[in-house]
Amino acid sequence: MGFKNWLLRRKLLLKVLNVIGIHVPVDRKDILHFSPRFLTTLGVLFIIFIVGALAFLKFSTSPYFCGMCHIMKPYYQAWKNSSHNFVPCVDCHYPPGFAEEFRGKIQASVQVFKYITRTYSTKPYAEIEDASCLRKGCHNKRLLEGKVTFKKGIIFDHKPHLMQIRRGRKLRCTSCHSQIVVGSHIAVTESVCFICHFKPESDGSTPKIAKCTICHTPPKKEIELAGISYNHEDFVNRGVACTKCHFKIIQGNGDVPKEMCLTCHGEPEKLEKYNDHALIHDTHVTKHKVECFQCHTDITHRVSTNIMVLKNDCSSCHANMHDAQKNLYAGTGGKGVENMPSPMFIAKVDCTGCHINPQSNGHFSFSESTMEPAEAACLNCHGTDYEGVVEEWETTVKEELKAFEKVYAQTKRILRGRKLTAKQKKALEEAIYNYNLVKWGKGVHNVEYATALLQHARDTLRKLVKGQ
């Protein structure tokens, strides 16, 4: 049975060989020879191989092929949901030119080999050259577009970032456009902007490119706070610094702990270059795509709406020295009157918004000074319409204080020898408290609240005189 099967298989093999043009000798007188059909068969097979190889080469450059590896699926999905989902992967990952594309295919073949042998990294790494982004038909005109809108109220210009040195660094497209935002392919990473713009200089000073108006345009729409309308353009045109109203807009300093170097490097000779900032940035930023956050600690930038205005550090030496002023400005702390914060407090204008004039304390050998209020601060922000307003406020407060003092003097004469109830005593104490709050808290900090407190205090005294 086995011999019969062997004969059948041999007979079938001979037929196949004969079809492709190979004659196998059947006896000793016969010889092995190839017919012209064999050469035709070889030619057909060669053509099929070339066509198949080209087809596979074409298929291997498709995004679908890239997404077949599980480690590439997150990047494939991010690309699929991005604005670049019509651009093949190779157009970005291979720079233009046959030599660059050939080198890229070799690198891709190595990655396939690593995947098959399971020696791959779960976080693929790739460097995209500027030439890929600026190739014809893609972003070749990006540098000529000038300023564009990045987000609402935020402008950006590609040309100075790519054609000029920024803080001593030569940037590339992927310095800002990276893949660290989960689910977003080659997106702008704002943390990079913050590190570059806000990291203090070596002497601790604020860099020049931290100026707000470099990136931000003032809002066109007027805002209303406490019944007063504000237009940002008016303040910007007068040269009012944004930080007069917006505080603590920068959090963090972008330091580079030396321990961060150890996540990539272990060679002592490389770690010794820690202080060679020019070499480090040229290697990591210009020549290679290393994300800023891999070395620098985070810097965040936002306008917080829950900042505690008037929270200063003075209390470390001067305990509660300005509580009266702060309470009056915030419109709180008075007795018998509803809270009435100053419009300036609602707008989060701190003490230094009005106290801009340094005045010497009179010491002959010291340079101590106190920041005194000045009308120039009002005019600087609000324009000439506010000329003389502070003087009017001061006059109003003085008149209200004198009016209370007059009523209080009359009340003391009338109540002399009269026994007051506990409720009346408390009312008298509250009236005096409101007077002192306005007097020592400087009623000019919140004229409306100061006037209301003194009015309530006078009404209380009149009720006491009537025995109420």
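When restricted to residues that are of a type outside the set (A, V, I, L, M, F, W, C) and either under 19 Å from Ser178 (Cα atoms) or assigned to a helix (DSSP H, G or I) (or both), the stretch 252-297 contains 20. Selection of first residues in the stretch 32-47 that are within 13 Å of Ile22 (Cβ to Cβ) and of second residues that are surrounded by fewer than 11 Cβ atoms within 10 Å (Cβ to Cβ), restricted to Cβ pairs under 6 Å at least 6 apart or on distinct chains, gives the following pairs, ordered by first then second residue: Leu32/Pro25. Counting the residues of the stretch 66-78 that are crowded, with 17+ Cβ neighbours inside 10 Å and either polar (S, T, N, Q) or closer than 16 Å to Glu101 by Cβ (or both) gives 1.
Taking the stretch 176-204 as the range and being loosely packed, with under 14 Cβ neighbours inside 10 Å and modelled with pLDDT under 85 as the test, the residues that pass are Ile180, Val182, Gly183, Ser202, Asp203, Gly204. Taking the stretch 1-28 as the range and being in a strand (DSSP E or B) and of a type in the set (A, V, I, L, M, F, W, C) as the test, only Ile22 passes. Just one of the listed residues (Ile116, Ile50) is assigned to a helix (DSSP H, G or I) and surrounded by fewer than 10 Cβ atoms within 10 Å (Cβ to Cβ), namely Ile116. Taken as a whole, the condition of being at pLDDT 90 or above, out of contact with any Cys (no Cβ under 6 Å at 6 or more places or on another chain) and outside the structural domain of Lys199 (by TED's automatic domain parsing) does not apply to Leu279. Here Ile31 passes the criteria (1) part of a loop (DSSP other than H, G, I, E, B); (2) out of contact with any Pro (no Cβ under 8 Å at 6 or more places or on another chain) except the one numbered (2).
Taken together, Val256, Val236, Val240 contain a single residue that is surrounded by 13 or more Cβ atoms within 10 Å (Cβ to Cβ), more than 30 Å from His355 (Cβ to Cβ), at pLDDT 85 or above and aliphatic (A, V, I, L, M), which is Val256. Among the residues of the stretch 406-419, is there at least one that is outside any helix (DSSP H, G or I) and within 17 Å of His456 (Cβ to Cβ)? Scanning the stretch 406-419 turns up no residue that is outside any helix (DSSP H, G or I) and within 17 Å of His456 (Cβ to Cβ). The strands (runs of 3 or more DSSP E) located wholly in the stretch 140-225 that include 1 or more residues which are in contact with a Ser or Thr (Cβ under 9 Å, 6 or more places away or on another chain) and closer than 23 Å to Gln251 by Cα occupy 154-157.
Consider the stretch 381-421 and keep the residues that are in contact with a helix residue (DSSP H, G or I) (Cβ under 9 Å, 6 or more places away or on another chain) and polar (S, T, N, Q). The one that is nearest to Leu437 (Cα to Cα) is Thr396. From the list Ser121, Ser132, Ser178, Ser184, the lone residue that is of a type in the set (S, T, N, Q) and more than 22 Å from His70 (Cα to Cα) is Ser132.
The values are calculated or read from the model by the stated rules, or taken from the named source; none is laboratory data. Because the structure is a prediction, the values reported are computed rather than measured. Backbone-built Cβ (ideal geometry, glycine too); neighbour counts: all protein chains shown.
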